[in-house]
Each structure stands twice: as C-alpha cells, then as structure tokens.
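Working notes, beginning with the structure itself.
The values are calculated or read from the model by the stated rules, or taken from the named source; none is laboratory data. Model, not experiment: these values are computed from the prediction. Here the Cβ positions follow ideal geometry from the backbone for every residue, glycine too, while neighbour counts run over all protein chains shown.
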Ligand code: SF4
C-alpha cells in the first residue's frame with residue numbers, strides 16, 4: 001500500500017507522501033467513519049454556511065468583531081529578537097521562558113530558511129512560573145557558555161516571564177555574581193512581551209539592546225578603519241530575504257560607502273554544505289558594531305520595525321538618521337540611491353544606472369500582462385507599503401492592503417503612496433486586520449492576484465486566485481528567501497514572479513484557440 005519492496009530489490013524503497021498516502025481506501029474509509037462518529041452537520045448545511053461566509057452580510061459581521069483575532073499575519077516578539085541576535089557574530093540567542101516557545105521559533109525559521117537556527121531556552125516550568133525563573137536563567141548561562149561557547153549571549157523573554165515580571169537586568173547581574181559567566185562576558189537583553197506588538201517590535205528592541213551593549217565595549221573608543229570611505233550604519237530591519245542583505249552591501253559599496261549592517265544574518269541562515277558544521281557562521285562583528293556611534297549617519301530601511309533603535313541613534317547618539325521606505329521598485333530604489341549618494345558625496349555609478357534601465361525595460365515588456373490587474377497584498381507594514389508602490393509602477397490596481405501588525409501611521413504612509421498614482425484610487429487600507437478579514441474582502445470584492453506569505457495559500461485555493469509568495473514566512477516554496485527583492489535587481493526578480501504567475505494563469509484559463517506559445 002505505502003511502499004514498493006523490499007528485500008533484495010533494486011527498486012528503491014518508495015515512501016508515499018501523505019498527499020498520495022491518504023487517497024488509499026484504508027484511509028478514505030477511516031475518514032468517513034470518523035465523520036460519522038463525530039456526527040457533524042451534513043454536506044448541504046456545511047455548504048450553506050460556507051457560502052454565507054462569503055457574503056457581504058458575513059463580511060459586515062466579520063469586520064464588527066473586536067475582541068478576537070483569527071489567523072493573524074504576525075508572530076510574537078521573541079521570534080523577532082532571535083532573528084536580531086543571530087545577525088551578530090558568535091551570538092547565542094537565549095529565550096527566558098518555556099521550551100515550547102523556542103521550539104516554535106526554531107521550527108518557524110527552519111521552515112522558511114531551510115537552515116538550523118541556534119537558540120536556547122531557560123526551560124521555565126511550573127515551579128519557575130510560580131517562584132520566578134532566576135535559577136533557570138543563571139543555570140542556562142553556565143550550561144550554554146560551557147556547551148556552545150558563544151562570544152555573546154542575547155536574552156529575550158516570553159509571555160510567561162513577562163506576566164510574572166522577570167527582571168533581566170537583575171538576573172544577569174546575579175548570573176555574573178554567581179560566576180555562571182564572568183563579570184565582563186558580553187550579554188545583551190531585551191524584554192519582549194508577546195501579548196503586545198509583534199515580531200517586528202521584538203527585533204527592534206533586541207537590536208537596540210545589542211547596540212547598548214556593544215557601544216560600551218572597549219572597541220567602541222576606536223574609530224572604524226574604512227580606508228577613507230564614510231561608514232554608514234544600515235538597519236535593514238526584520239529582513240527575511242538573505243539576498244537583500246547582500247544586495248544592500250553591494251549597492252552601498254558601489255555607491256562609495258563602507259556599510260556597517262546591523263545585523264547581518266545572511267551567512268548564518270545560508271551556510272554552505274561543506275562537510276563542517278559551524279554553529280555561528282557570519283554575523284556583524286561585535287568589534288565593528290561597537291564603532292556604530294562613529295559612523296557618518298544611520299540609514300533605517302523599515303520605518304515601522306526600527307522605531308526604538310532609530311530613537312536611540314537620533315536622540316541619544318545625535319547621529320544623522322535617514323529613515324527610508326524599503327527600496328522596492330524604481331521609485332523606492334531611486335530614493336535609496338539618491339540618499340546614499342548624498343551621504344557619500346559620490347556620483348551614482350554607471351552600473352546602477354544600467355540596472356535601473358534594465359528594470360524599466362523589463363517593466364515595459366511585461367506591462368501588457370499586468371496593467372489593470374486587481375491585487376490584494378498582506379504582510380508586515382513596511383513590506384506592504386513598498387510592494388504597493390511597486391505594483392502601482394507595474395500599472396496594477398491595489399485593492400485590499402492588509403497588515404495585522406500595522407498601527408494608525410500605516411494609513412497615512414499608504415495614502416502618500418496611493419495618491420501619487422492614478423491607479424491608487426480603488427485601494428482600501430486595513431491596519432490591524434487579519435487574514436480572516438482578508439478572506440471576506442477577497443470574496444466580496446474579488447481580485448486577480450494575491451501577494452503575501454504562504455498563509456495566503458488557503459484564500460488563494462478557496463477563492464481560486466493565484467498567489468505570488470512574497471514576505472514571511474514562505475514555507476511551501478524553496479529558495480525565494482535567497483534572492484533579492486530590493487534594488488533594481490530585486491525589482492526584476494519580483495516582476496518575474498508577478499508576470500509569470502499571471503502568464504501561468506492565462507495559460508491555465510485559455511481556450512484552445514488562445515493557448516499561444518508566445519506571450
Ligand atoms: S506567544 Fe508567548 S507562548 Fe506563544 S510562542 Fe510567543 S512567547 Fe511563547
């Protein structure tokens with residue numbers, strides 16, 4: 001039933017994927033029996049309710065709900081803190097809380113990046129939840145430094161630790177006093193309560209925590225060695241496209257600056273299979289990060305994500321802080337290039353001008369297939385804003401723009417983007433709405449294309465609308481996270497995804513006389 005044989009056979013053992021396996025009669029019968037046992041509603045009733053959930057009447061009820069979130073497009077704060085930590089050299093993220101939380105963070109990242117993610121837990125259980133988890137934290141420091149030998153520990157907290165008011169500053173001091181770690185061992189920390197905010201806030205406060213720590217290191221007194229080029233701090237934010245981190249570096253170097261990317265997890269989450277396992281590949285060097293205060297300026301590329309860090313740099317360090325929309329598409333990238341050229345005092349290199357021209361040419365080539373297509377976009381606020389600007393450049397019509405973890409400023413920023421294009425009139429902007437809201441929107445006001453994470457595939461299948469996977473997480477397609485989506489070259493990658501999805505759809509729905517070889 002499930003395998004081909006067997007002993008002494010040259011035919012390899014074939015283990016059926018569950019897609020095929022559960023088509024077997026044994027299982028289909030089991031499903032029927034289970035249904036009978038559960039005594040649920042009959043098919044006609046299920047279909048009646050299903051159809052009703054696709055109506056305007058249901059949409060109004062759905063949008064009236066206040067105290068319930070269904071299928072939110074966001075994760076919790078410590079998940080962001082873990083990503084922030086692994087962007088720095090030799091860093092072990094430790095999450096103060098129960099093991100299950102860290103198991104979730106590790107599996108979530110492993111499914112997206114297809115890489116193992118080092119992260120440890122202080123393993124709080126019932127007794128720690130009642131009496132406090134100081135012993136867990138002290139012991140975890142001793143064990144983690146002995147076993148995994150990190151250069152730096154970055155601690156964040158889970159819901160449970162925050163509910164009982166755990167004090168990381170005091171606990172870390174106790175760990176030093178009890179000699180679990182030495183007095184000068186580098187430890188950064190951030191309180192990341194998961195019942196407020198999202199992974200973006202967790203990322204932000206952990207980066208801020210790391211900057212607070214590294215800028216106290218002895219190396220912070222030294223000016224960076226950049227061979228005369230101006231050093232710029234670059235805050236990419238919660239960046240899940242490793243190709244973007246590499247593309248930022250390439251563009252910045254072309255523009256004549258020495259980029260200090262805070263933090264850079266591109267190697268940590270894309271390490272080669274060379275027969276050796278390195279627990280901490282890559283990451284921004286702590287000694288380099290320590291020089292961040294000496295940089296000429298800081299460039300923030302995810303406004304919604306990096307607010308606390310931007311405050312630190314602007315208000316405490318008194319450093320010029322340039323906050324840009326994520327540079328996706330022509331206008332976004334133009335703005336980025338212009339600002340960096342201003343900061344570096346160098347002209348825009350011919351190579352970038354050439355790449356820009358190629359993207360403009362490609363947009364013209366694909367225009368006929370994208371023009372006027374109605375699109376819904378969901379995801380993190382900075383990404384949704386940048387993607388909206390790009391689809392407008394493609395002549396597409398954004399209709400539903402949903403971001404569960406956006407706040408009220410999202411509408412104002414989006415308004416600016418939409419009003420700059422004549423294709424922006426049909427758009428409705430939905431901060432703090434979830435994917436169950438998006439489902440109602442798509443059924444009542446249909447679109448031609450969905451753009452967002454893997455979680456949108458359920459709406460895509462049910463509403464029969466193609467999905468272009470952009471954002472986080474992408475669990476069900478491989479290697480998209482390795483490519484760039486920012487810059488002119490990233491724009492070309494996104495355009496390729498968009499137009500080819502529309503062309504697949506065109507081929508799928510064509511009548512025989514229109515099933516052409518040339519598109
Ligand atoms: S929401 Fe709370 S319990 Fe759930 S994974 Fe995040 S920290 Fe853990």
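Pairs, please: C-beta under 8 Å, at least 6 apart or cross-chain, first residue outside the structural domain of residue 452 (by the TED database) and in the range 362-382, second assigned to a helix (DSSP H, G or I)?
none
Would you pick out the residues in the range 210-228 that are surrounded by 17 or more Cβ atoms within 10 Å (Cβ to Cβ) and under 19 Å from residue 254 (Cβ atoms)?
Across the range 210-228, the qualifying residue is only 226.
Could you check residue 438 against (1) touching a strand residue (DSSP E or B) at 6+ places or on another chain (Cβ under 7 Å); (2) part of a loop (DSSP other than H, G, I, E, B); (3) crowded, with 18+ Cβ neighbours inside 10 Å and say which number it fails?
So the condition that residue 438 fails would be (2).
Which residues, taken from the range 93-134, are within 16 Å of residue 192 (Cβ to Cβ) and away from the ligand (no atom under 14 Å from the Cβ)?
120
Here are some residues: 252, 279, 242. Which one is surrounded by fewer than 19 Cβ atoms within 10 Å (Cβ to Cβ) and either more than 27 Å from residue 484 (Cβ to Cβ) or in contact with a helix residue (DSSP H, G or I) (Cβ under 9 Å, 6 or more places away or on another chain) (or both)? Can you show your working first?
Details: 252 fails: surrounded by fewer than 19 Cβ atoms within 10 Å (Cβ to Cβ); 242 fails: surrounded by fewer than 19 Cβ atoms within 10 Å (Cβ to Cβ).
Checking each option against the conditions leaves just 279.
Just give me the residues in the range 369-383 being surrounded by 24 or more Cβ atoms within 10 Å (Cβ to Cβ) and either in contact with a helix residue (DSSP H, G or I) (Cβ under 8 Å, 6 or more places away or on another chain) or at positive phi (or both), in sequence order.
375, 376, 377, 378, 379, 380, 381
Which of the strands (runs of 3 or more DSSP E) found entirely inside the range 219-336 contain at least 2 residues meeting this: assigned by the TED database to the domain that holds residue 199?
Numbers: elements: 231-235, 258-261, 297-300, 320-323.
Because the criterion is at least 2 residues that are assigned by the TED database to the domain that holds residue 199, no strands (runs of 3 or more DSSP E) in the range 219-336 meet it.
Quick check: anything in the range 331-350 within 25 Å of residue 456 (Cα to Cα) and surrounded by fewer than 22 Cβ atoms within 10 Å (Cβ to Cβ)?
No, the range 331-350 contains no residue that is within 25 Å of residue 456 (Cα to Cα) and surrounded by fewer than 22 Cβ atoms within 10 Å (Cβ to Cβ).
One line per residue, one yes/no per condition, for (1) away from the ligand (no atom under 16 Å from the Cβ); (2) over 30 Å from residue 469 (Cβ atoms); (3) out of contact with any strand residue (DSSP E or B) (no Cβ under 7 Å at 6 or more places or on another chain); (4) without any contact (Cβ under 8 Å) to a residue 12 or more places away in the chain:
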position	(1), (2), (3), (4)
192	no, no, no, no
205	no, no, yes, no
232	yes, yes, no, no
240	yes, no, yes, no
254	yes, no, yes, no
257	yes, yes, no, no
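Given the range 51-143, what helices (runs of 4 or more DSSP H) lie entirely inside it while holding 3 or more residues that are surrounded by fewer than 24 Cβ atoms within 10 Å (Cβ to Cβ)?
Details: elements: 56-64, 77-85, 99-113, 126-131.
Those helices (runs of 4 or more DSSP H) span 56-64, 99-113, 126-131.
Out of all the residues in the range 145-159, is one or more surrounded by 20 or more Cβ atoms within 10 Å (Cβ to Cβ), in a helix (DSSP H, G or I) and either modelled with pLDDT of 95 or more or within 15 Å of the ligand (Cβ to nearest atom) (or both)?
Here is the first cut: in the range 145-159, the residues surrounded by 20 or more Cβ atoms within 10 Å (Cβ to Cβ) are 150, 152-158.
Subset that is in a helix (DSSP H, G or I): none.
Among the residues of the range 145-159, not one is surrounded by 20 or more Cβ atoms within 10 Å (Cβ to Cβ), in a helix (DSSP H, G or I) and either modelled with pLDDT of 95 or more or within 15 Å of the ligand (Cβ to nearest atom) (or both), which makes the answer no.
Please work out if residue 201 is closer than 20 Å to residue 483 by Cα, at pLDDT 95 or above and not in a loop (DSSP other than H, G, I, E, B). Break it down stepwise before answering.
Working: closer than 20 Å to residue 483 by Cα: no; at pLDDT 95 or above: yes; not in a loop (DSSP other than H, G, I, E, B): yes.
No, not satisfied.
Read through the list (1) within 17 Å of residue 384 (Cα to Cα); (2) more than 15 Å from the chain's Cα centre (by Cα); (3) outside any loop (DSSP other than H, G, I, E, B), then give the number of the only condition that residue 451 fails.
The number of the failed condition is (2).
Is it true that residue 76 is modelled with pLDDT of 95 or more, near the ligand (Cβ under 8 Å from one of its atoms) and farther than 21 Å from residue 379 by Cβ? Before you say what the answer is, go through the steps one by one.
On the way: modelled with pLDDT of 95 or more: yes; near the ligand (Cβ under 8 Å from one of its atoms): yes; farther than 21 Å from residue 379 by Cβ: no.
No: the conditions fail for residue 76.
Are any residues in the range 160-187 assigned to a helix (DSSP H, G or I), crowded, with 17+ Cβ neighbours inside 10 Å and within 16 Å of the ligand (Cβ to nearest atom), and if so, which ones?
Result: 160, 161, 162, 168.
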